[in-house]
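Worksheet: one structure, shown below.
The values are calculated or read from the model by the stated rules, or taken from the named source; none is laboratory data. Not measured: the values here are computed from a predicted model. Glycine also receives a Cβ, built like all others from the backbone with ideal geometry; neighbour counts cover every protein chain displayed. Protein only, heavy atoms only, side chains kept; ligands, DNA and RNA dropped before computing areas. Shrake-Rupley method; radii C 1.70, N 1.55, O 1.52, S 1.80 Å.
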Amino acid sequence: MTGKERLAALFDSANSQGRAVFMPYLTVGLPDPESSVAMFTAMAEAGADAFEVGFPYSDPLMDGPTIHEAGLAAIQAGTTVAVGFDLVAQIAATTGKPVIVMTYVNPVLAVGIETFVDRLVEAGACALIVSDIAVGETQEITAACSLRGIGYVQFVAPTTGTDRLREIVATDPVFVYGIAELGVTGERRQGSSNLTTLAATLRAVSEVPLVFGVGISNPEQAAAAAAVGDGVIVGSALVRRVLESNTPEDAVTALRSAVKAFASAMTR
Amino acid sequence: MTDYRPDTSGRFGEFGGQFAPETLIPALQELEAAFEVAWSDPGFHAELDALYASFVGRPTPVYHAKRLSQRVGAEVYLKREDLAHTGAHKINNTLGQALLTQRMGKSRVVAETGAGQHGVATATASALLGLECVVYMGAKDIERQALNVYRMRLLGAEVIAVHKGAATLKDAVSEAFRYWVSSVESTHYIIGSVVGPHPFPFIVREFQKIIGTELRQQMSGEPGSFPRPDVIVASVGGGSNAMGIFFPWVRSGVDLVGVEAAGHGLESGAHGASLVAGTPGVLHGSRTYMLQDRDGQVIEAHSVSAGLDYPGSGPEHSYFRDEGLARYVAVTDVEALSAFHEFSRLEGIIPALESAHAVAWVLREAASLKGKTVVINLSGRGDKDVQQVAAMQGDEDA
Ligand SMILES: Cc1ncc(COP(=O)(O)O)c(C=O)c1O
């Protein structure tokens with residue numbers, strides 16, 4: 001099965017169980033490359049269905065202070081792109097869960113688009129998300145992914161109009177990342193009011209799975225997203241728990257209980 | 001005169017493009033459309049030209065710098081953008097973009113600033129047109145350009161300190177983008193240079209090319225005008241004053257020289273010379289020469305001059321570089337500071353530290369410039385830098 005097919009199967013099976021897919025985001029190499037895999041195994045045991053593995057970047061324009069800080073810490077701890085791929089391979093192998101790599105565009109270009117996607121395949125990743133580009137600048141990357149059976153994830157924002165939405169789904173994304181809240185990643189006290197509208201607008205043009213992310217901070221907000229979407233991504237709320245922990249063991253404990261709570265909010 | 005525009009993907013050759021998150025794409029498309037309508041509307045030009053004439057003081061004069069000419073052994077002229085209202089070329093762009101903001105029905109603008117000149121120019125245009133104004137500025141720059149911070153606040157802008165990274169221009173641009181992502185429906189981002197995703201590099205160049213267009217009139221070589229230049233020199237941070245003066249002279253046989261910041265020296269790694277010593281990558285939305293490591297992580301820049309302390313430059317400069325339409329060089333902090341002093345005493349004009357880089361290159365290259373007609377784009381005045389230089393060098397030579 002290709003990475004793309006594995007993800008499609010995951011959405012199907014969750015759907016038939018009447019629940020949304022829970023995909024926690026965590027920066028790779030956090031708190032350091034040695035303890036990174038343990039964070040993901042803990043989340044897998046606590047009920048994560050798949051992972052968004054974030055490659056750290058020096059200037060993450062779509063990220064708020066929490067993920068920015070995490071990225072700088074991971075880079076500081078020695079998480080190069082090569083180390084990142086190495087960790088992705090270990091995470092994919094030890095957890096058995098589908099891994100979606102999330103990165104910014106410049107590291108992909110620095111490595112080379114084809115080489116980057118080849119590495120994804122070698123590491124056993126299923127899909128790729130590039131945070132700071134959108135349809136118009138994604139052709140080369142989606143072509144390289146599609147050739148190699150790697151899924152590509154496109155974004156839809158509250159500002160996206162219907163014509164553009166059609167262009168987006170026409171690129172055959174493995175799922176659509178619905179930006180729940182205008183703005184960058186980070187925790188929000190208020191839940192999003194855009195979920196239903198976004199879901200309805202997308203459903204009018206396509207059946208592609210819709211996964212909500214950005215600003216989803218607690219299980220109540222996650223449940224609201226799960227009610228109208230096919231999946232939920234939680235990032236900053238988990239990353240913060242790792243940053244706040246004094247030891248990797250504390251981080252594992254904190255992640256385990258947080259992921260358990262989020263995962264149980266997925267049932268519709 | 002050249003009148004080319006980027007291609008439909010916003011590229012100048014292989015540089016530029018629109019590497020922006022989905023949230024911003026509709027706003028970038030709206031901006032491009034609004035600009036196209038405005039730029040072909042005589043009413044818009046009339047409004048902008050009237051402001052240039054009576055609010056900014058355009059055309060800015062060309063001055064024959066006689067003592068500097070003697071010192072260098074060339075005929076050196078200054079394009080006096082330092083005399084533009086608010087003290088730098090930045091106002092040419094901010095007035096244009098503020099008028100566009102009104103046309104798009106938005107009531108608030110956000111901007112980044114390094115030296116504070118773009119922040120002051122944005123705050124000024126906002127006060128003039130009654131727009132709300134938010135400016136992001138690196139904490140380090142807030143310290144070294146304190147005068148401009150106070151000016152922005154006097155003009156009614158909210159100045160927000162950025163403590164991330166090196167707390168300089170790059171970090172301010174990133175924060176301004178993040179703010180824009182969160183507020184895009186009500187806010188326009190007045191970017192301060194020929195950088196960013198398409199259509200920004202194109203729009204800012206169009207607003208800044210007035211510098212070079214005026215110069216073509218002022219130095220046409222016709223009777224009653226100054227002689228035609230052989231060389232035009234401008235400092236390059238993001239590259240807006242340089243592109244503004246270069247563009248109307250492209251492929252005209254004039255040697256166009258962009259001067260970047262060599263900081264502590266190119267070999268030290270602590271500099272802002274992306275065109276001289278960088279490699280192509282994507283920074284702040286466009287593909288351009290930038291400072292980065294093998295993994296594509298952005299390397300912090302360094303310059304004594306806050307306006308040149310940036311690890312990238314505009315994509316059109318990258319195109320000019322690779323096509324040989326202009327050449328790019330770099331001068332160090334030490335050379336720029338020395339030029340700052342020497343120029344002040346020779347000409348009775350205190351230059352901005354950014355502009356002092358262009359002056360420094362002319363002083364260094366005296367031998368090869370002998371007998372030539374050289375124009376320096378004096379992009380700004382140095383009032384903002386006086387405190388910083390005094391603190392660095394001690395009062396005795398300030
Ligand atoms: C006086 C002056 N010159 C030059 C610059 C550099 O910017 P650019 O390269 O866009 O002209 C600045 C930026 O702050 C400036 O204030």
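Things worth noting here:
- Average other protein chain Cβ within 10 Å of Cβ, residues A:116-129: 0
- Length available on full extension from A:Glu5 to A:Val205: 0.36 nm per residue minus the Cα-Cα distance, which gives 69.8 nm.
- Between the listed residues B:Ala360, B:Gly348, B:Ala330, the Cα displaced farthest toward the positive end of the dipole of the range B:322-390, a dipole computed from Cβ unit charges relative to the Cα centre, is found at B:Gly348.
- In the protein assembly as shown, the DSSP beta bridges split such that about 20 percent are antiparallel, to the nearest 5.
- Residues considered: B:Pro59, B:Pro315, B:Pro21. Largest GNM mean-square fluctuation over chain B, using C-alpha springs under 10 Å, is found at B:Pro21.
- Association of chains B and A removes close to 2700 square angstrom of accessible area from solvent, both sides included, for a probe radius of 1.4 Å.
- Across all Cα atoms of the range B:164-306, the radius of gyration (one decimal) and Dmax (whole number) stand at 17.3, 56 Å.
- A crude spin-label estimate for the pair B:Gln387 and B:Thr8, with each label 7 Å from Cα along the Cβ direction, gives 5.2 nm.
- Stokes-Einstein diffusion coefficient of the range A:87-196, Kirkwood radius over Cα pairs, 37 °C, 0.692 mPa s, in µm²/s: 218 µm²/s
- Delta accessible area of at least 30 Å² on complex formation, residues of the range B:267-303, 1.4 Å probe, chain isolated as reference: B:Val282, B:Asp295, B:Gly296, B:Gln297, B:Val298
- Once divided by 2.2 N^0.38 Å, the Cα radius of gyration of the range B:101-187 becomes 1.01.
- When +1 charges are put on Lys and Arg Cβ atoms and -1 charges on Asp and Glu Cβ atoms, the dipole computed for the range A:9-66 relative to its Cα centre reaches about 200 debye.
- Selected from B:Ser69, B:Ser235, B:Ser303 as most flexible by GNM, with chain B as the system and alpha-carbon contacts under 10 Å: B:Ser69
- What separates the Cα centres of the range B:224-260 and the range A:213-255 is a distance of 53 Å.
- The C-alpha radius of gyration of the range B:1-52, expressed as a fraction of 2.2 N^0.38 Å, stands at 1.41.
- Rough spin-label spacing in nm, given labels placed 7 Å along Cα→Cβ, for B:Phe55 and B:Leu147: 2.4 nm
- Computed from point charges on the beta carbon alone (+1 for Lys and Arg, -1 for Asp and Glu), the dipole magnitude for the protein assembly as shown about its Cα centre is near 860 Debye.
- B:Trp180, B:Trp39, ranked by accessible area, largest first (probe 1.4 Å): B:Trp39, B:Trp180
- Distance between the 7 Å Cα→Cβ label points at B:Lys370 and B:Ser220: 3.4 nm.
- Full-extension gain in nm, A:Thr162 to A:Ser257, via 0.36 nm per residue minus C-alpha separation: 30.3 nm
- Rounded accessible area per residue of the protein assembly as shown, 1.4 Å, Å²: 34 Å²
- Under 15 Å, Cβ to Cβ, from A:Ile67 - net charge with Lys/Arg +1 and Asp/Glu -1: -4
- The local environment of A:Glu45, defined by Cβ-Cβ distances under 12 Å, has a net charge of +3 under the rule Lys, Arg +1 and Asp, Glu -1.
- Rg ratio for the range B:299-398: its Cα radius of gyration over 2.2 N^0.38 Å, N being its residue count, equals 1.15.
- Computed over protein heavy atoms with a 1.4 Å probe, the carbon and sulfur contribution to the accessible area of the range B:82-211 reaches 55%.
- For chain A, the 222 nm mean residue ellipticity estimated from helices alone, with every DSSP H stretch of n ≥ 4 adding -39500 (n - 2.57) and the total spread over all residues, rounds to -15500 deg cm²/dmol.
- The Rg/Rh ratio of chain A, with Rg taken over Cα atoms and Rh as the Kirkwood radius over Cα pairs, comes to 0.93.
- With all protein chains modelled, accessible area of B:Leu266 [1.4 Å, Å²]: 70 Å²
- Between the range A:168-203 and the range B:298-367, the Cα center-to-center distance that results, in Å: 45 Å
- Remark: accessible surface ordering of B:Lys164, B:Lys370 (largest first) is B:Lys370, B:Lys164, probe radius 1.4 Å.
- With all pairs of separate Cα atoms included, the protein assembly as shown yields a Kirkwood hydrodynamic radius of 25.7 Å.
- Signed unit charges on C-beta, dipole axis of the range A:100-160, positive-most listed residue A:Val117, A:Val101, A:Val135: A:Val101
- Per residue of A:56-68, other chain Cβ atoms within 10 Å of the residue Cβ number 5 on average.
- Chain A, accessible surface, carbon-and-sulfur percent (1.4 angstrom probe): 50 percent
- Within the range A:12-36: backbone nitrogen closer than 20 Å to the A:Ala82 label point (7 Å, Cα to C-beta): A:28-30, A:32-36
- Estimated 222 nm signal from helices in chain B, with DSSP H stretches of n ≥ 4 weighted -39500 (n - 2.57), rounded to 500: -12000 deg cm²/dmol
- Note that the range B:42-155 shows a convex hull volume over its alpha carbon atoms of 122 Å³ per residue.
- By the equivalent-ellipsoid construction on the alpha carbon gyration tensor, chain B comes out with semi-axes of 29, 24, 21 Å, ordered largest to smallest.
- Its convex hull of Cα atoms gives the range B:271-325 a direction-averaged projected area, equal to a quarter of the hull surface, of 3.7 nm².
- Using only side-chain charges placed at the Cβ, +1 for Lys and Arg and -1 for Asp and Glu, the dipole size of the range B:86-150 relative to its Cα centre rounds to 160 debye.
- Kirkwood-based Rg to Rh ratio, the range A:1-102, C-alpha trace: 1.00
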